[in-house]
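Q: One structure, pasted below without further comment.
The values are calculated or read from the model by the stated rules, or taken from the named source; none is laboratory data. Since this is a predicted model, take the numbers as computed values, not measurements. Note: ideal-geometry Cβ built from the backbone for every residue, glycine included; neighbour counts use all protein chains shown. Just so you know, the surface numbers come from the protein's heavy atoms only, side chains and all, with ligands and any DNA or RNA stripped out. Shrake-Rupley method; radii C 1.70, N 1.55, O 1.52, S 1.80 Å.
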Amino acid sequence: GATFRYKPQHGIDGGFLSEWEPLYEASTVKADADKLKAFQSGVPVGSKYEPTGTKSWVPVFENAERKLLNKHKDKGGEELDMLVVSDLHRHEEYGGPFWIKVPSTARVREVRLVISEKCGILPGLQRMSYAGKQMEDAERKLEHYGVKYWNKKFPDWPLYIRRY
């Protein structure tokens, strides 16, 4: 008889799936382990690519916090210590709440690079809010959103990475 390289899989709707391997149906424990492995290697879960050993975006974000502070040193802003909390992930997936030091004159897009270096959440996935204000415009400075004022009064208020 003829041997096949793969066994065709039927979808819920009765159609054939074109994948050569069975669908990824891991238990929650296995899925969590795979997500952690994917985060550490820098390759998304289920990707066909082999990890290269380094995250491809690391050179872009390397020393982002220090570079940002040096860039804004002469612009008259204050250095803000900010707590960052993500609603996108469980704490163990991104390293838990952490502190960053950013100048008050920094733009939202620059803060996203610092956060990305610290925890690996790509800038495009970061929807940020602070003190109830959603930071939608990446070109605005933190001062425009009142971060400098509120951070001085309530230094423990977190900068949230929102889900929606």
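Q: In nm, to one decimal, how far is the GLU92 label point from the SER129 one, both placed 7 Å along Cα→Cβ?
A: For the pair GLU92/SER129, the computed spacing is 2.8 nm.
Q: For the cross-link pairs LYS35/LYS133; LYS101/LYS153; LYS75/LYS101; LYS67/LYS152; LYS35/LYS67; LYS118/LYS152, which exceed 20 Å when the distance is taken from alpha carbon to alpha carbon?
A: Beyond 20 Å between Cα atoms: LYS35/LYS133; LYS67/LYS152; LYS35/LYS67; LYS118/LYS152.
Q: Okay, next question. Rank these residues by their accessible area, most exposed first, probe 1.4 Å: GLU110, GLU65, GLU78, GLU136.
A: Result, largest first: GLU136, GLU78, GLU65, GLU110.
Q: Something else: With every protein chain left in place, what is the accessible area of ARG66 in Å² (1.4 Å probe, nearest 10)?
A: For ARG66, the solvent-accessible surface is approximately 130 Å².
Q: For ASP87, ASP34, give the ranking by accessible area with the largest first, probe 1.4 Å.
A: Ranked list, largest accessible area first: ASP87, ASP34.
Q: Something else: Given the C-alpha centroids of the stretch 139-164 and the stretch 86-126, what is the distance between them in whole angstrom?
A: Between the Cα centre of the stretch 139-164 and that of the stretch 86-126, the gap is 13 Å.
Q: Follow-up. Summing +1 for each Lys or Arg and -1 for each Asp or Glu, what net charge is found among the other residues whose Cβ lies under 10 Å from the Cβ of MET128?
A: Taking every other residue near MET128 into account, the sum is +3.
Q: In square angstrom, what is the accessible area per residue of the stretch 62-106 with a 1.4 angstrom probe?
A: 54
Q: Determine the order of LYS75, LYS101 by accessible area, beginning with the largest, at a probe radius of 1.4 Å.
A: LYS75, LYS101
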